[in-house]
1. Would you be able to say whether some residue in the stretch 204-213 is assigned to a helix (DSSP H, G or I), within 22 Å of the chain's Cα centre (by Cα) and closer than 25 Å to residue 367 by Cα?
2. Got at least one residue in the stretch 102-113 being assigned to a strand (DSSP E or B), crowded, with 16+ Cβ neighbours inside 10 Å and touching a strand residue (DSSP E or B) at 6+ places or on another chain (Cβ under 9 Å)?
3. Can you report the number of residues in the stretch 109-143 which are more than 11 Å from the ligand (Cβ to nearest atom), under 21 Å from residue 247 (Cβ atoms), within 15 Å of the chain's Cα centre (by Cα) and not aromatic (Phe, Trp, Tyr)?
4. May I ask you to verify whether residue 184 is under 23 Å from the mean Cα position of the chain (by Cα), closer than 29 Å to residue 353 by Cβ and more than 16 Å from the ligand (Cβ to nearest atom)?
5. Among the residues of the stretch 144-180, what is the count of those that are in contact (Cβ under 8 Å) with a residue 60 or more places away in the chain, within 14 Å of the ligand (Cβ to nearest atom) and part of a loop (DSSP other than H, G, I, E, B)?
6. Quick one: which residue in 340, 373, 359, 348 is among the polar types (S, T, N, Q) and buried (at least 21 other Cβ atoms within 10 Å of the Cβ)?
7. Could you check how many residues of the stretch 275-320 are acidic (Asp, Glu) and in a helix (DSSP H, G or I)?
8. Considering only the stretch 332-348, state which residues are without any contact (Cβ under 8 Å) to a residue 60 or more places away in the chain and within 12 Å of the ligand (Cβ to nearest atom).
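The values are calculated or read from the model by the stated rules, or taken from the named source; none is laboratory data. Since this is a predicted model, take the numbers as computed values, not measurements. Cβ atoms come from the backbone with ideal geometry, glycine included; neighbour counts cover every protein chain shown.
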Amino acid sequence: MNVLKRCIYGISIVSLASMNIQCKSDKKVEETVTEAKATDVVTIEKSAYGTTPKGEKIDSYKLKNQKGMEVDIITYGGIISSLKVPNKAGKSEEVVLGFNSLEQYMKPNPYFGALIGRYGNRIAKGKFTLDGKEYALAINNDPNALHGGPEGFHRVVWTAEEAKSGDNASLKLKYVSKDMEEGYPGNLTVFVTYTLNNDNSLDVVYEATTDKKTVVNLTQHSYFNLSSDFSKPILDHEITIDADKLVPVAATLIPTGKLTDVTNTPFDFRKAKKVGAQIEAKDEQLKNGLGYDHCWVLNNQDKGERFAASAYDAGSGRLLEVYTDQPGIQFYSGNFLDGTLPMRNGGTYTRRTGFCLETQHYPDSPNQKDFPTTVLNPGENYKTKTSFKFSVK
Ligand code: BGC
């Protein structure tokens, strides 16, 4: 990639060695543009995506490697609006559900491709207590709070900084969530860095600090369909989840507080199994989730970043492997997609045409004393990493 500095309205003298510029005219205004060079292993290209009704300019960044993978990220919601990866014939195609305009992303939708925070997943009745003080959140998933609230991190504008090092192209997004925004205490400074390498892996690193005790649980909400045929349900995808236990939920998808063994249940994905194999089984948990919409207790929690889950589509040969340092993963089989949201090129997204693998802490942790803590104190650094690795077999 070539970074150029230009004098707006002026003529610039570009020193290629130092990338310094001098403006001939007295106009000091500069803009930075990025251009991809054919020799670059990974590239980043920025373009204007749209403008919000409040007049905020939204940009789109395309990270691209030489192995046929490219990811588009918009600064609205930190949304992955497109992710293209090769199939077994080497054909690069779209594998995430998405829309083709900012207007559509700004309309109510089930978090397509978005960054989720300050607290991913549900908090029972939208209430939690820290140091004896009760906090009340908006009830946006009756009777609970879901995914950081109606104006959560999925609906804010992030600032973006691009960086390249070796075979890695990164986009570092920043957002400062104000004290009591969406009901959460503390000014929270959040960074989310997406990095694409030349090995068809997309890493997501989440960082946060606070000036008051708060709760944090950040995740990414892409809906995948590895077949690239979004009119087809994902029921034939084979899923693996490295988890001996599940976080069972009651009817409103709030954990019961127990962790149960997956053995001999439709939730045992320790060996690859098709999503559709048991999704219609008579099972209390499947009934509560209307399918899979649960958090699994990942194994090897003391190991830092390790294999968590995979999804394989035999037709295209695409394999997605998810690695994370988080204790849990929410596998959601797109049960609430209902044919009302437009696909990019006509038609609508119908039930179970996409699935999510959301790495995270367990739902409702702020109210569950036996779950790993999601409290962040001033002076502490929240830092977690998840990698989405693509290959074919
Ligand atoms: C939740 C689902 C919810 C979906 C979209 C998922 O993370 O687990 O219950 O319907 O997000 O809102």
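1. No: zero hits.
2. No; the residues of the stretch 102-113 include none that is assigned to a strand (DSSP E or B), crowded, with 16+ Cβ neighbours inside 10 Å and touching a strand residue (DSSP E or B) at 6+ places or on another chain (Cβ under 9 Å).
3. The total comes to 2.
4. no
5. 1
6. None of the others qualify; the one that does is 359.
7. Residues in the stretch 275-320 being acidic (Asp, Glu) and in a helix (DSSP H, G or I): 2 in total.
8. Correct list: 332, 335, 338.
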